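The values are calculated or read from the model by the stated rules, or taken from the named source; none is laboratory data. What you are looking at is a predicted structure, and each value in this text was computed from that prediction instead of being measured. Please note: Cβ atoms are built from the backbone with ideal geometry, for glycine as well, and neighbour counts cover all protein chains shown. The area values use the complete protein model at the heavy-atom level, side chains included, leaving out ligands, DNA and RNA. Shrake-Rupley method; radii C 1.70, N 1.55, O 1.52, S 1.80 Å.
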Amino acid sequence: MLDETVAVIENRPLTGGHFLLSLRSPHQAPLVRPGQFAMLRLPGHSDVLLRRPMSIYDVKLAHPQGSGKGKGNLPEIIQLLYKIVGRGTQLMAELRPGDQTEMLAPLGHGFFEEKYLEAARQADEVLHVAGGIGIAALLMPAKSLARAGIRQRLFFGARGVQELVGTEDFVPFVGETILSTEDGSCGTPGYITRPLEAHLENHRHQRFLLLACGPWAMLEATAEMACRHGCPCLVSMENRMGCGLGVCLGCSIRVRGEGHGSYERVCTEGPVFWAKHVMWERK
Amino acid sequence: MKNQSSIGLARNQSREPETEAAFSPGLEIDLAGIHFQNPVLTASGTFGYGQEFARLIDLNKLGGIVVKGISAEPMPGNPAPRIYETEAGMLNAIGLQNVGARKFLEEKLPFLRTLKARCLVNVFGYSTENYVRCVEILNEGEGIDAYELNISCPNTRCGGMVYGSDPKLTEEVVAASKRVSRCPLFVKLSPNVTDITVFARAAEAAGADGLTLVNTFVGMAIDVETHTPRISNVTGGLSGPAIKPVAVRMVYQVCRAVKIPVIGIGGIASAEDALEFVIAGARAVQVGTANFYAPETSIRVVEGLRAYCQHHRTHFSSLVGSLRLPEDQPPASIEY
Ligand SMILES: Cc1cc2nc3c(=O)[nH]c(=O)nc-3n(C[C@H](O)[C@H](O)[C@H](O)COP(=O)(O)OP(=O)(O)OC[C@H]3O[C@@H](n4cnc5c(N)ncnc54)[C@H](O)[C@@H]3O)c2cc1C
Ligand SMILES: Cc1cc2nc3c(=O)[nH]c(=O)nc-3n(C[C@H](O)[C@H](O)[C@H](O)COP(=O)(O)O)c2cc1C
Ligand code: FES
């Protein structure tokens, strides 16, 4: 984990108030593992004091392979996929190429610690379950699983078609993509958990590993479904964060433990947890 | 690597000529019999147990580290959401989640002991006996330089707040803790009182070796769409730049009311902020919330204080309480 001043290369608007922010960060990019996140600071704004947590969407080489430029094969660019929801993300959207910002990264335990990899190897297929901007946490895992030759499928639900961003980035890595929208503007109408449930029902003989990221309610429903179908399920959790460093204890969530359970920090013990470890009842 | 952040440093930190660099700013201080290499500490609850920052800053450049509040037994803390950002500050209701005194000694203290920064342990309990018990356990540890008795946390129902808002209880818990304490005892005061000097005097009378102030201000934020409080505990402690002017005023008042040293805390994000506290009378300062968004703040404050002293060719100690008041204003009067 490093705290660096990084330069904006591009801040590309996508549909539905989403943006893809590319930052030059040659020291941090090579350290990133799938499922980790960054804390981005927007200096100079006392109304946005705290850093904002953002999943690391992707890391890229400065120059595409084969262009003859660039130092070796190490990535130098970190990409964040984000949606404007408030003041901080609004300020992010105002970043222009050449602007500088401060970023703490990479943070947290990602999807592919050894203990998780074992579960992926044992599965016939890995099912990615994304709700809205939760998609941002899943691209790097999908890439690395594809590299390991593991079959994958993406279930991606959002409010409307405008929010279904990034699907094309997954195409090279996942066998099939199933989309759903709450307003019915694309794919199956309703929540993504419906087609997911149908898939689990129709393939009872298969072993799945679920990787999910999205709103609490979607994660809770996915966790419950995974439990019912006996599938291991990993969830990438979100919570308000004060520091990302494990010191403010602002991001703690209830997890199973002795007695009434205990608390673990999303920024440090997470953001990825086994779904059955999380105490979902609370919210 | 880092550029100068805008919340950052005092205007005075320009490159100094050789002669000024040779001038000794005298940042080393002695407080309550403890020697600090400089007057900048990190505030409890905002710096973990130190180690979390080891990869980001040079901990050996700090004057001291005040660790997260420790209780005799481990505490789980409050449900989420625990924090909410407000204008130039944040509300928190962590609920004093901590590993407990024994585990602190075993797992956290050995690292802190290796540092040049002094180690202060923030202590809290839910009864006088419980405070005493915690101090007794901590007494067994090697390498604790001082205790900071937290009688002011607003987030535990039966916790410190009661002690911090009743001068008799303040005296009781300070006296009882002082009796068993093996090292100097600082008392951290609550700002959530009508007259903080009453509590400052009570702590001094009960034997406190120093005072630290302020802790967070009880605050509240509401989501107007859902009509619900923004944090699960309903109310939380406000910290950050937003509280600085009130904290400076309280330090000013307390420094005039007691003889024991005062450490100033509240919204410090730059050397200039720290200097306000010092000029108001604080002998040292603590950096809190700024650690979250700019981990290098405390180091920048040390460097900024040094640069300021060199630039003005003044010794740090002569800055303490150097406030100049308008001539017609008697020093002790506070007009609201
Ligand atoms: C580990 C992690 C990874 C994340 N990855 C992404 C990502 O890749 N892309 C993305 O767009 N967003 C991501 N988020 C959410 C993102 O951090 C918030 O949307 C952002 O902090 C909101 O800031 P704001 O100032 O715009 O909104 P605010 O004005 O602070 O809040 C607007 C709304 O967002 C909610 N919110 C605020 N902070 C958070 C938070 N930390 N987590 C969830 N909700 C929050 C508030 O409750 C409020 O409803 C992630 C969060 C976490 C914890
Ligand atoms: C998340 C958080 C946790 C805190 N925990 C403690 C604590 O355990 N004990 C304590 O005495 N003060 C605690 N504090 C208060 C700080 O030490 C400090 O007094 C206060 O935040 C004001 O300083 P600041 O504005 O620089 O943050 C905490 C503050 C925050 C923001
Ligand atoms: S965000 Fe501060 S402990 Fe996790």
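Here are the numbers:
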quantity	calculated
Rounded to 10°, Cα long-axis angle of helix A:216-228 versus longest principal axis of chain A	40
Accessible area of B:THR86 in the full protein assembly, 1.4 Å probe (Å², nearest 10)	30
Three-way shape call for region A:2-107 based on the alpha-carbon gyration tensor, with the a/c threshold at 1.5	prolate
Accessible carbon and sulfur surface of the protein assembly as shown relative to its total accessible area, %, 1.4 Å	51
Cα-based helix-to-principal-axis angle, B:128-139 vs chain B, degrees rounded to 10	60
GluC sites (Glu not before Pro) lying in DSSP loop within region B:244-336, provided at most 10 other Cβ fall within 10 Å	B:GLU327, B:GLU335
Rg ratio (alpha-carbon, reference 2.2 N^0.38 Å) - region B:93-206	1.04
Kirkwood Rh, Cα atoms: Rg over Rh of region B:237-285	0.95
Rel. contact order, % - alpha carbon contacts under 8 angstrom, at least six apart, chain B	21
Residue-normalised accessible area of region A:152-283, expressed per residue, 1.4 Å probe, Å²	43
C-alpha long axis of helix B:196-205 to longest principal axis of chain B, angle in °	80
Enclosed volume per residue, in Å³, of the convex hull spanned by Cα atoms of chain A	136
Antiparallel DSSP beta bridges within chain B, as percent of all bridges there, nearest 5	40
Spread of Cα-to-Cα distances over 10 Å intervals beginning at zero, given as percent, for chain B	6, 27, 36, 23, 7, 1, 0
Buried area at the B-A interface (accessible, heavy atoms, 1.4 Å probe, summed, Å²)	3100
Cα shape, region A:126-208, gyration tensor, a/c 1.5 rule	oblate
Residue-count net charge about A:GLU94 - beta-carbon cut-off 15 Å; Lys, Arg +1, Asp, Glu -1	+3
Solvent exposure ordering (accessible area, 1.4 Å, most first) of A:TRP274, A:TRP280	A:TRP274, A:TRP280
The protein assembly as shown shape via C-alpha gyration tensor axes, a/c threshold 1.5	prolate
Cleavage-rule hits, trypsin sites (Lys or Arg not before Pro), region B:176-260, DSSP coil, Cβ neighbours within 10 Å at most 10	B:LYS259
